[in-house]
Amino acid sequence: MHSSVYPTTFTGKTVIVTGSSRGIGRTLAEAFAAQGANVVVNYSNNSGKAEEVVRGIKAAGGQATAIRADVGRVPEIESLFAQTFETFGGIDILVNNAGLMHTVPLLQVTEEDFDRQFAVNVKGTFFACQAAAARMNEGGRIINFSTSVTGAMFPGYSVYAGTKGAVEQFTRQLAKEFGPKGITINALAPGPVNTELFMQDKSESQIAGIVGMNAFGRLGETDDITGAALFLAGEDARWITGQTLRVNGGFV
Ligand SMILES: NC(=O)c1ccc[n+]([C@@H]2O[C@H](COP(=O)([O-])OP(=O)(O)OC[C@H]3O[C@@H](n4cnc5c(N)ncnc54)[C@H](OP(=O)(O)O)[C@@H]3O)[C@@H](O)[C@H]2O)c1
């Protein structure tokens, strides 16, 4: 893992990272815990992986708990926040990282696939923001997840990119509703990152082509996203809200 240039600390802060049993969310959960935060490792299916993340954090001296909640279902978001309060007594930082991607040409998009991606990526992000509006401590932080493919316009990505377009607009819209409590809300838009979500259904030549589109000629790794997330979650980012930051090695 790369070291940070401007170290910050999250001691005493409670962070929910949705979808942190693997991928980018897992790396973020571990990074927040390493800087002293109480971390909620949220997941929807794989309790074994989530418990493994919690065990690793605790073994390194951190605080974490795993909470199952499908963020595509609003009552489960409520339960996620309620259990976070029971365990850690509050919520300071929400990272809406959980997301699904399924890429197919327009003629192959089914209603079920459209509804599921919008449920997790859009409804999940929106209602987690609503739960945060009701419960988050003053001076809190919300980080939503978009994607740089909103700027790449790849064929087959229309539904997924559409979900993230909605997330970016919510981020802009909600900044002024959160402002009176000193809460900032921003979005990160990674480029391609080496996770199961990115690797699924891609050939080696497709991956090589995508890698060749950034300035550094390598695939992003999950810890390439960490510094930007910790910065937006920290005190130094207090004047940044309603923005989307592309973290993509110059991909678009
Ligand atoms: N990887 C990339 O290239 C890339 C690029 C741009 C943006 N992003 C965005 O970054 C975020 C993380 O992506 P990733 O690549 O790390 O994905 P990933 O490797 O597929 O991991 C997804 C995580 O989300 C959880 N999850 C999935 N559905 C959920 C639900 N309904 N409720 C709660 N948790 C759920 C999964 O847990 P379970 O297995 O338990 O369900 C897993 O922990 C997503 O929003 C994605 O759109 C990724």
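The values are calculated or read from the model by the stated rules, or taken from the named source; none is laboratory data. None of these values were measured; they are calculated from a predicted model. FYI the Cβ positions are ideal-geometry reconstructions off the backbone, even for glycines, and counts take in every protein chain you see. These area figures cover heavy atoms from the full protein model, side chains too; ligands, DNA and RNA do not enter into them. Shrake-Rupley method; radii C 1.70, N 1.55, O 1.52, S 1.80 Å.
Details
- Label-point separation in nm, residue 87 to residue 173, each point 7 Å along Cα→Cβ: 3.0 nm
- The range 98-241: C-alpha gyration tensor shape, a/c 1.5 cut-off, then a/b vs b/c: oblate
- Taken as Cα centroids, the range 17-77 and the range 138-171 sit 22 Å apart, rounded to the nearest whole angstrom.
- Helix 124-135 axis, angle to the chain major axis (alpha carbon atoms, nearest 10°): 20 degrees
- What the phi angles of the range 147-158 give under the Karplus curve with 6.51, -1.76 and 1.60, with θ = phi - 60°, is a coupling list of 7, 6, 5, 4, x, 9, 6, 5, x, x, 9, 4 Hz, glycine and proline written as x.
- Taking 17 Å as the straight-line reach from the Cα of residue 49, the lysines in range (excluding those fewer than 8 positions away in the same chain) are 58.
- GNM flexibility winner over the chain from 80, 106, 232 (Cα, springs under 10 Å): 106
- 3J(HN,Hα) from dihedral phi, the range 34-49, Karplus parametrisation 6.51/-1.76/1.60, rounded to Hz, x for glycine, proline: 5, 9, x, 6, 7, 10, 9, 8, 8, 7, 10, 10, 9, 5, x, 5
- Distance in nm between pseudo-label sites at residue 218 and residue 79 (7 Å out along the Cβ direction from Cα): 4.1 nm
- Within the accessible surface of the chain, defined with a 1.4 Å probe on protein heavy atoms only, the carbon and sulfur portion equals 53 percent.
- Close amide H contacts of residue 246 (hydrogens built in the peptide plane, cut-off under 5 Å, sequence separation of 5 or more or a different chain): 189.
- Tensor-based shape of the chain (alpha-carbon gyration tensor, a/c under 1.5 rounded, otherwise prolate or oblate): rounded
- Between helix 74-88 and the chain: long-axis angle, C-alpha atoms, 0 to 90°, nearest 10: 40 degrees
- Principal-axis tilt of helix 223-233 within the chain, Cα atoms, nearest 10 degrees: 50 degrees
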